[in-house]
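What follows draws every value from the coordinates through simple rules; no lab data is involved. Worth saying up front: this structure is predicted, and the values here are computed from it rather than measured. We place every Cβ from the backbone using ideal geometry, glycine too, and count neighbours over all the protein chains shown.
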Amino acid sequence: MSVAEAEAVVITIPRIETRTMAVRLVGDSPLIVHAWSAKAIQIMLDSQMKKPKQAKEAKNPFLDFVDSLYWMSQRPAEPTEADVAAGTFGFPCVAFKAAAVGACRFSDGIKMTEARGAFHVDGELARIESAPPVMRQDMVRVGMGTADVRFRGEFTTWATTLSVTYNAKSLSPEQIVNLFNLAGFGVGVGEWRPEKDGSYGRFHVEV
């Protein structure tokens, strides 16, 4: 092939056909949340920076509960029960996408590697529609099996509406709905979800 012929070659890249749809999820079991608190992040950062360890503070169950929530409204510096009752909360959008991608294990014809790039759940937090969260007290095992008491938020009945942008050449709206339904049944979101041998955080698509 001559230089002139090579310069005449035109490479055509197919245009992506992106569309956006609303997917409403309704909880089938309580959603347990456990956000990283500012204190926990600072402790981790201090450890990575080789700073001296500070004395362990006394456990504050209510503050642990408040810090487990994903605040969408402004979190007060010294929150009260009234602040929690009036607050607006969410849950990470990436968790819902991860659940739907994980559901590819239960679906024929859609691979997890393909699904990751075929759709996105828009935004950082999806607003949780629910009565005010309640505080849970659970025994857990951490580290080398050491027992600990955790105080976390629970949304007993809940729903949320996701904005899903997808490649229409890769997935259809029906396939997306099916993936989220499978995700809600077999994967779930939050703590103690089906994927982690629990039964919390299950949901279905409201059609």
Grab the DSSP H runs of the chain that are 4 residues or longer, score each as -39,500 (n - 2.57), total them, divide by all residues and round the 222 nm result to the nearest 500 deg cm²/dmol.
-8000 deg cm²/dmol
Inter-label distance for residue 63 and residue 28, nm, one decimal - labels placed 7 Å from Cα along Cα-to-Cβ:
4.0
Lysine pairs, Cα distance under 23 Å, 8 or more residues apart or cross-chain: how many in segment 15-205?
11
At 0.36 nm per residue, minus the direct Cα-Cα distance, what do residue 177 and residue 82 gain on full extension? Give it in nm, one decimal, please.
30.5 nm
Taking a point 7 angstrom from the Cα of residue 207 along the C-beta vector, which residues in segment 109-123 have backbone N less than 15 Å away?
none
By the mean-Cβ-within-10 Å protection proxy, highest first, 88-101, 8-21, 108-121 rank as 88-101, 108-121, 8-21
Label point distance in nm, residue 168-residue 141, each placed 7 Å from Cα along Cα→Cβ
5.1
Taking Cα atoms only, helix 93-102 is inclined relative to the longest principal axis of the chain by an angle, in degrees rounded to 10, of 60
Specify whether the C-alpha gyration tensor of segment 79-197 places it in the rounded, prolate or oblate class, a ≥ b ≥ c being the square roots of the eigenvalues: rounded for a/c under 1.5, otherwise prolate if a/b is larger than b/c and oblate if not.
oblate
